[in-house]
Amino acid sequence: MRIEKCYFCSAPVYPGHGMMFVRNDCKMFRFCRSKCHRNFKRKRNPRKTRWTKAFRKSAGKELTVDNSLEFEKRRNIPVKYNRELWSKTVEAMKKVEAIKNKRQARFIFNRLKKGKELEKAADISEVKKNIHLIKAPHAGQAKQLEDKMVQKLAEDVEMDE
Amino acid sequence: MALYNFKKIMVVPTAKDFIDLTLSKTQRKTPTVIHKHYQIHRIRHFYMRKVKFTQQNYHDRLSQILTDFPKLDDIHPFYADLMNVLYDKDHYKLALGQINIAKNLIDNVAKDYVRLMKYGDSLYRCKQLKRAALGRMCTILKRQKQSLEYLEQVRQHLSRLPTIDPNTRTLLLCGYPNVGKSSFINKVTRADVEVQPYAFTTKSLFVGHMDYKYLRWQVVDTPGILDHPLEERNTIEMQAITALAHLRAAVLYVMDVSEQCGHTLAQQLELFNNIRPLFANKPLIVMANKCDVKKISELSEENQKIFADISAEGVTVIETSSLTEEGVMQVKTEACDRLLAHRVDAKMKSKKVHDVLNRLHLAVPAKRDQKERPPFIPEGALLRRKAMETDAPKRKLERDLEVEMGDDYTLDLQKYWDLMNPEEKQDKIPEIWEGHNIADYIDPDIMKRLEDLEQEEELREKAGEYDSEEESEDEEMKEIRQLASQIREKRKLKILASKEKDTQGPRMPRTAKKVDRVTLEKEMSDLGLDMTDKNDSHYAQRSRSLVRKRKREVSAPPLSRTRSQSASRPPRDQSGVRDAKMLKKVKTMMKSSQKDMNRQGRKGESDRHVFDLKPKHLLAGKRKSGTTSRR
């Protein structure tokens with residue numbers, strides 16, 4: 001029993017789900033749901049369909065080359081069961097998974113950092129250009145003038161004294 | 001050689017059926033519609049076609065019968081003789097000859113009438129000719145009724161004849177009736193011939209097949225033969241004689257030692273000597289059957305002498321019993337071997353030896369020195385052979401286990417696994433974890449790789465990759481962000497408000513709208529300006545138009561002169577009118593000038609609108625009494 005990968009969107013296909021199509025050249029295509037199947041039948045390229053993992057990886061939106069990703073690989077030669085090996089593998093899997101997630105998250109975070117700077121700059125320019133929509137140019141000026149005058153008067157009074 | 005399978009002969013219909021069949025076929029398959037006004041060549045063609053069609057059908061069918069039935073000269077003499085015995089050669093040939101003649105007659109009839117049809121000048125004549133032609137053809141066939149019936153019976157019987165191959169290895173059983181020939185064939189082959197106590201149970205030839213030395217053998221069972229001269233023999237016996245005469249087989253003459261068949265040994269011996277000529281050139285064995293009842297040694301002196309005589313002549317005598325199967329095998333092997341030897345001899349002497357020589361003679365290379373070279377048999381084969389011979393205790397099968405345990409049995413193939421630690425055989429192996437296949441991660445050096453990975457991770461962490469950057473945002477930046485979001489919100493609201501405008505309707509200039517003091521002050525205070533204490537500002541002065549009308553005070557003089565001037569002007573209908581008389585005339589003039597217009601229902605001179613272009617009361621209806629000069 002294996003969890004396969006959907007040919008179109010690379011989602012996991014659990015046993016009892018999805019469909020498989022076998023072509024005349026004996027290549028098998030598994031699909032997780034009819035959405036992927038129908039897209040395939042319409043001859044769409046998964047590398048150009050934006051919501052698929054294939055697109056995301058080929059467009060550099062997700063981590064592609066990494067050591068932590070090399071652990072999960074389809075092996076064609078089966079290994080004889082060995083309790084120790086299996087239990088160690090399960091533990092290793094958990095650790096590898098943790099590391100993998102961390103690295104993937106960091107990759108995306110770095111990608112989105114640039115956006116944050118652009119956001120900042122946009123805010124600043126927005127404020128500079130359109131501050132008049134929320135604050136009149138001479139909003140506090142009357143008060144300021146008054147204060148100044150009061151201050152001046154006070155000084156004069158002081159000077160007089 | 002022609003086929004020995006006579007099952008493929010077409011059914012021969014009776015005369016009546018044949019006629020009906022052909023005539024209905026003619027009716028169905030040729031055009032049926034003809035009228036007398038058609039052109040004469042068309043009519044002629046129509047009827048000629050029918051005649052020819054009928055003739056064609058008869059011809060075809062009869063030819064088929066003639067070709068299907070075997071020609072007695074063409075088939076193996078055994079079958080020819082058999083058919084002669086069963087069906088009488090002369091009668092058979094005659095029947096077929098009659099059919100042939102009928103065929104030719106029909107052809108001639110058709111030819112004649114077609115020729116005559118060319119001179120038919122009307123539909124009636126042609127039709128009569130056709131009727132005559134068809135009638136004659138059918139009569140010819142009616143006369144063949146007897147032949148057709150006979151041929152049908154022959155066909156049915158022929159198809160049920162046993163297929164005996166005259167050229168292959170055959171064993172032939174013969175003897176008096178009831179001696180045990182059929183029982184023997186039942187024992188030796190898979191044939192199931194009827195065995196009954198009365199004589200002539202077997203009425204025709206029967207074939208059984210058996211295997212010996214990897215070859216197929218035919219065993220032919222014959223009906224019993226009685227001791228008469230050849231001319232007096234009946235059909236059933238003649239079949240046996242035919243078989244004896246024509247088949248090159250090993251003959252097994254069956255004698256009944258116990259004389260239960262109803263004939264003494266002397267009579268059986270008589271018969272044997274009479275048929276002797278038929279056994280020339282054939283391996284012969286005498287079977288002393290029913291020896292379970294009486295053995296030869298128990299017989300009387302004379303009878304024993306009979307047997308002694310026979311064996312003295314060089315003929316093998318074997319005691320058998322079909323009941324106890326004693327001696328049956330012996331007979332079989334003996335007969336088969338002798339027949340094989342006989343056949344091999346015959347082949348050697350014939351011209352075709354070289355074709356079969358590879359089957360008769362095994363060529364062995366000549367020895368070049370005295371060294372012994374025995375065939376090599378590997379040890380394993382010897383062991384296997386030994387193991388096969390001894391009754392080794394078989395290992396316990398799963399089936400045995402299942403039977404033992406009954407309902408509790410579960411098929412557990414894991415116990416046959418070949419693992420490094422056998423105690424792990426019963427483990428439940430995990431396959432999937434959190435959406436990943438464990439089989440994809442299995443690697444002998446996974447731990448080493450994991451260590452490398454962890455080290456790398458540590459290095460990265462040390463290098464500071466995973467430090468979450470503090471939001472180094474000072475107060476200023478926060479404020480800017482807040483302002484920016486407010487600005488964006490405000491803009492959106494403004495856009496929404498402008499979208500609600502009615503751009504299609506009439507556009508009023510901005511100044512036509514009145515500006516509310518309250519909204520103005522609210523807006524400006526939202527923008528941050530101080531709007532308190534603004535009663536003296538220009539926009540707060542109430543305009544004159546908003547002044548509510550107060551009760552007029554008598555002492556207050558009018559502030560403006562607007563109304564007074566208009567009060568002094570005379571109304572228009574009185575200006576320029578000198579006196580009341582003129583006023584009256586003026587009024588009548590006004591009214592009369594309007595009269596016409598009012599009557600016509602027009603607003604004025606320029607009103608040429610017609611309310612009803614086609615008034616119904618003028619255009620509908622008949623021209624009844626009244627004027628018809630206009631509509």
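The values are calculated or read from the model by the stated rules, or taken from the named source; none is laboratory data. All values derive from a computational prediction rather than experimental measurement. No Cβ is skipped: glycine too gets one built from the backbone with ideal geometry, and neighbour counts run over all protein chains shown.
Within the stretch A:58-76, the set of residues being more than 10 Å from chain B (Cβ to nearest Cβ), over 12 Å from the mean Cα position of the chain (by Cα) and not in a helix (DSSP H, G or I) comprises A:A59, A:T64, A:V65, A:N76.
For the stretch A:1-29, the candidate set comprises residues that are among the charged types (D, E, K, R) and within 14 Å of chain B (Cβ to nearest Cβ); within that set, the residue that is nearest to B:E431 (Cα to Cα) is A:R2. For the stretch B:187-204, filtering for residues that are surrounded by fewer than 20 Cβ atoms within 10 Å (Cβ to Cβ) and within 44 Å of the chain's Cα centre (by Cα) leaves 5. Among residues of the stretch A:112-131 that are more than 9 Å from chain B (Cβ to nearest Cβ), none has a beta-carbon under 7 Å from a residue that is in a helix (DSSP H, G or I) at least six positions away or on a different chain. Of the residues making up the stretch B:461-479, not a single one is surrounded by 14 or more Cβ atoms within 10 Å (Cβ to Cβ), in a helix (DSSP H, G or I), charged (D, E, K, R) and facing chain A (nearest Cβ under 10 Å).
Of the candidates A:I77, A:I99, A:I108, the single residue that is within 30 Å of B:E424 (Cβ to Cβ), out of contact with any helix residue (DSSP H, G or I) (no Cβ under 9 Å at 6 or more places or on another chain) and not basic (K, R) is A:I77.
Only a single criterion out of (1) surrounded by 15 or more Cβ atoms within 10 Å (Cβ to Cβ); (2) at pLDDT 90 or above; (3) more than 7 Å from every other protein chain (Cβ to nearest Cβ) is not satisfied by B:I446, namely (3). Looking only at residues of the stretch A:88-105 that are loosely packed, with under 15 Cβ neighbours inside 10 Å and in contact with a Phe, Trp or Tyr (Cβ under 9 Å, 6 or more places away or on another chain), we find that the one that is farthest from the other protein chains (Cβ to nearest Cβ) is A:K94. Among B:L453, B:L459, which is of a type in the set (A, V, I, L, M, F, W, C) and closer than 30 Å to A:P78 by Cα? Result: B:L453 is the single residue among B:L453, B:L459 that is of a type in the set (A, V, I, L, M, F, W, C) and closer than 30 Å to A:P78 by Cα.
Looking across the stretch B:233-275, just one residue is surrounded by fewer than 16 Cβ atoms within 10 Å (Cβ to Cβ) and either on the phi > 0 side of the Ramachandran plot or among the aromatic types (F, W, Y) (or both), and that is B:G262.
The helices (runs of 4 or more DSSP H) located wholly in the stretch B:309-407 that include 3 or more residues which are surrounded by 11 or more Cβ atoms within 10 Å (Cβ to Cβ) and at pLDDT below 80 occupy B:353-360. Going by what's in this entry, would B:L278 be described as outside any loop (DSSP other than H, G, I, E, B), surrounded by 19 or more Cβ atoms within 10 Å (Cβ to Cβ) and out of contact with any strand residue (DSSP E or B) (no Cβ under 7 Å at 6 or more places or on another chain)? Criteria not met by B:L278. Among the conditions (1) charged (D, E, K, R); (2) closer than 30 Å to B:K448 by Cβ; (3) at the interface with another protein chain (Cβ under 9 Å from one of its Cβ atoms), the only one that A:K143 does not satisfy is (2). Any chance the stretch B:480-491 includes a residue that's more than 9 Å from chain A (Cβ to nearest Cβ), assigned to a loop (DSSP other than H, G, I, E, B) and either within 30 Å of A:H132 (Cβ to Cβ) or free of Cβ contacts under 8 Å to residues at least 12 places away in the same chain (or both)? No, every residue in the stretch B:480-491 fails to be more than 9 Å from chain A (Cβ to nearest Cβ), assigned to a loop (DSSP other than H, G, I, E, B) and either within 30 Å of A:H132 (Cβ to Cβ) or free of Cβ contacts under 8 Å to residues at least 12 places away in the same chain (or both). A search for C-beta distances below 9 Å between a residue of the stretch B:408-419 that is more than 18 Å from A:K80 (Cα to Cα) and more than 14 Å from chain A (Cβ to nearest Cβ) and any residue that is surrounded by 11 or more Cβ atoms within 10 Å (Cβ to Cβ) and among the aliphatic types (A, V, I, L, M), counting only pairs 6+ apart in sequence or on different chains, returns B:Y409/B:L401. Which one is surrounded by the most Cβ atoms within 10 Å (Cβ to Cβ) among residues in the stretch B:420-433 that are within 7 Å of chain A (Cβ to nearest Cβ) and either among the charged types (D, E, K, R) or not in a loop (DSSP other than H, G, I, E, B) (or both)? Here the answer is B:E424. Within the stretch A:138-161, residues that are within 20 Å of B:G528 (Cβ to Cβ) sit with their Cβ atoms under 6 Å from residues that are acidic (D, E) and surrounded by 10 or more Cβ atoms within 10 Å (Cβ to Cβ), at 6+ positions apart or across chains, in these pairs: A:A142/B:D530.
Taken residue by residue, the stretch A:34-57 has no member that is of a type in the set (A, V, I, L, M, F, W, C), within 11 Å of chain B (Cβ to nearest Cβ) and without any contact (Cβ under 8 Å) to a residue 40 or more places away in the chain.
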